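J.: Pasting a structure below so you can have a look.
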Amino acid sequence: MGGTYKDVLVAIDGSEESRCVLSRAAAIVDGSGGRLHLLHVIEPLALAYGADVPMDVTDLQASLMQQARENIDLYAGEFRVPPTQVHVELGSIEKTIQDKADMLGADLIVIGSHTRTGLALLLGSTARGVVPGAHCDVLAVKIPRS
């Protein structure tokens, strides 16, 4: 491997930290001709809250996907990532990141890493969860505590 990454998959969760993670990834491909791919994974509500969700969540899930797409498109615009390299997927976070990386032939996965828990599921534990199953390098960008 010649020291540069060709296809970099950046997993972001749409929070403020996403910009920090993205700018690190952009710096890696800058000038090397590499491609950035953005991925926002939404966990199915049934997965997050147990199988017995008391209502039909199809519409809610669709609107979450739509919101995520609009959010990630803003970052894509800011970092000049073409729409064909922007992905919003439904699934378990770690597995979806690994599968998407394999599908794209990514040679680097970039994710954020901090110690906050709660809604920012993508960051923190995900960094630990992605590494074992990944078939390429993984960069966990340390998010400074605000």
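No value in this document is a laboratory result; all are computed from the given coordinates. Because the structure is predicted, anything quoted here is derived from the model rather than measured. So basically every Cβ, Gly included, is an ideal-geometry build from the backbone, and we count neighbours across all protein chains shown.
J.: Just grab the label-to-label distance for Asp30 and Lys95, each label 7 Å out from Cα along the Cβ direction, in nm (one decimal).
T.: The modelled label-to-label distance comes out at 3.7 nm.
J.: Turning to a different aspect of this structure: Highest first, please rank the peptides 65-71, 7-13 by the mean number of other Cβ atoms sitting within 10 Å of their residues.
T.: Going from most to least packed, we get 7-13, 65-71.
J.: Give the residue list of trypsin sites (Lys or Arg not before Pro) in the range 13-44 that are DSSP loop and have at most 14 other beta-carbon atoms within 10 angstrom. Provide the component values of the computation, followed by the final result.
T.: Values: sites: Arg19, Arg24, Arg35; in loops: none.
Answer in residue order: no site qualifies.
J.: Counting Lys and Arg as +1 and Asp and Glu as -1, what is the net charge of the other residues whose Cβ lies under 13 Å from the Cβ of Val88? Working shown, then result.
T.: Numbers: positive: Arg69, Lys100; negative: Asp13, Glu43, Glu70, Asp73, Glu89.
Neighbour charge sum, excluding Val88 itself: -3.
J.: For every other residue with a beta carbon closer than 13 angstrom to the beta carbon of Lys6, add +1 if it is Lys or Arg and -1 if Asp or Glu, then tell me the sum.
T.: Counting the neighbours of Lys6, the net charge comes to -2.
J.: List the residues, sorted by chain then number, that are 5 or more residues from Gly91 or on another chain and whose placed amide H is less than 5 Å from its amide H.
T.: Distant-sequence amide H within range of Gly91: Ile42, Glu43.
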